[in-house]
Amino acid sequence: MHRNLITGGAGFLGSHLVDRLMQAGEEVICLDNFYTGRKDNIRHWLGHPNFELIRHDVTEPIRLEVDRIWHLACPASPVHYQFNPIKTAKTSFLGTYNMLGLARRVGARLLLASTSEVYGDPEVHPQPESYRGCVNTIGIRSCYDEGKRIAETLCFDYQRMHGTEIRVMRIFNTYGPRMLPDDGRVVSNFIVQALQGQPLTLYGDGSQTRSFCYVDDLIEGMIRLMNGEHTGPINIGNPGEFTIRQLAERVRDRIQPGLELTTQPLPQDDPLQRQPVIDLARELLGWEPTVSLEEGLEPTIAYFRERVREGR
Ligand code: NAD
Ligand code: UDP
């Protein structure tokens with residue numbers, strides 16, 4: 001049994017991780033500043049003797065006694081991370097620095113939730129971990145992309161200088177229940193638009209691709225990486241690649257087949273294609289995704305149907 005700190009634990013991925021660890025009987029401290037996290041995501045654990053909730057911002061240091069740190073705190077949707085890009089860069093850099101400092105002091109193992117965004121707008125397709133990426137250092141996505149790149153760098157320097165135990169996970173687009181309805185990410189946008197009978201908004205011509213991983217698969221990969229012996233970086237994602245137009249059609253056809261697809265300008269630096277190579281995860285963690293897009297959309301749509309009905 002471990003004493004776990006989950007930063008960003010009230011968010012989409014963090015709250016699913018909280019559930020998994022609590023169900024396994026572990027002790028969990030959930031730390032969040034509630035920027036994009038919601039108390040509703042973890043409300044069912046409030047009052048449980050193994051669970052503690054701390055409102056805190058990771059850009060400030062904190063002293064706690066834990067032996068596992070799952071460092072997820074950082075807004076993940078472009079809409080949210082671009083709202084205050086300087087804060088986003090601070091969260092990635094200072095937040096990771098503070099959590100590594102904590103890990104070093106108490107001898108904890110730290111897992112960093114990094115991202116496929118470290119590959120930028122990739123010139124290599126699909127993307128293996130050895131690809132070094134193509135990131136615009138001065139664009140509107142840089143606060144997030146470069147923030148995660150320096151966070152990875154800090155992890156490896158703490159490992160080299162102080163022997164800190166690190167795990168670095170490169171997460172590809174993940175979806176599922178508990179994404180925010182107004183999150184701005186593509187799966188939640190399309191589902192909420194379709195449920196409200198509105199046109200689905202394709203940015204650009206919708207020919208750009210993404211590979212979508214269902215949240216349960218992702219969390220399983222995260223836990224295997226933390227428990228295993230491999231530092232990473234390791235890609236965790238579903239190699240099933242879809243154009244954004246294909247995604248829109250699938251979502252629409254499941255909810256309201258007649259709906260229109262409209263186009264809006266493609267945001268600056270929007271990556272044209274993205275697909276993980278997951279050979280390392282298969283070999284080193286014995287992990288691969290088990291949920292197809294069709295299977296994962298079902299519980300996700302059911303979740304948003306409920307949220308839209310409740311008007312929140
Ligand atoms: P999310 O926005 O739902 O969750 C992020 C959580 O971190 C929220 O609860 C938010 O309130 C909290 N947070 C943000 N800034 C903070 C700060 N300064 N101090 C304390 N808490 C703070 O996003 P998510 O999809 O759950 O992503 C979780 C992590 O996984 C992020 O680090 C993200 O970069 C990474 N990731 C996610 C995806 C994905 O597709 N979901 C892909 C790649 C990487
Ligand atoms: N996108 C879209 N319509 C939307 C929201 C997003 O066409 O309503 C596109 C976006 O331009 C990008 C892809 O969907 O090409 C994935 O966007 P998201 O913000 O989910 O993730 P990221 O770009 O960070 O991978």
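The values are calculated or read from the model by the stated rules, or taken from the named source; none is laboratory data. Worth saying up front: this structure is predicted, and the values here are computed from it rather than measured. As a convention, Cβ positions derive from the backbone with ideal geometry for all residues, glycine included, and neighbour counts pool all protein chains shown. Each accessible area value is taken on the protein alone, full model and side chains, heavy atoms only, with ligands, DNA and RNA left out. Shrake-Rupley method; radii C 1.70, N 1.55, O 1.52, S 1.80 Å.
I'd like to know if the stretch 179-197 contains one or more residues that are farther than 23 Å from D40 by Cα and away from ligand 1 (no atom under 12 Å from the Cβ). Yes - at least one qualifying residue is present in the stretch 179-197.
The rows are residues; the columns are (1) in contact with a helix residue (DSSP H, G or I) (Cβ under 8 Å, 6 or more places away or on another chain); (2) open to solvent by 30 Å² or more (accessible area, probe 1.4 Å); (3) closer than 21 Å to E52 by Cβ; (4) within 16 Å of ligand 1 (Cβ to nearest atom).
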residue	(1), (2), (3), (4)
E65	yes, yes, yes, no
I69	yes, no, yes, yes
Q82	yes, yes, no, yes
S92	yes, no, no, yes
P128	yes, yes, no, no
G139	no, no, no, no
C143	yes, no, no, yes
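Residues in the stretch 159-178 that are out of contact with any helix residue (DSSP H, G or I) (no Cβ under 6 Å at 6 or more places or on another chain) and more than 16 Å from ligand 1 (Cβ to nearest atom): Q159, R160, M161, G163, E165. Taken as a whole, the structure leaves G14 outside the set of residues that are at positive phi and either β-branched (V, I, T) or modelled with pLDDT of 95 or more (or both). Closer than 17 Å to R252 by Cα and among the hydroxyl-bearing types (S, T, Y): does that describe Y203? In short, yes.
If the condition is being assigned to a loop (DSSP other than H, G, I, E, B) and either of a type in the set (D, E, K, R) or touching a residue at least 40 places away in the same chain (Cβ under 8 Å) (or both), then the stretch 127-154 contributes P128, E129, R132, N136, G139, I140, R141.
Considered as a group, the residues in the stretch 191-219 that are among the charged types (D, E, K, R) and more than 9 Å from ligand 2 (Cβ to nearest atom) include one that is farthest from the chain's Cα centre (by Cα), and that residue is D205.
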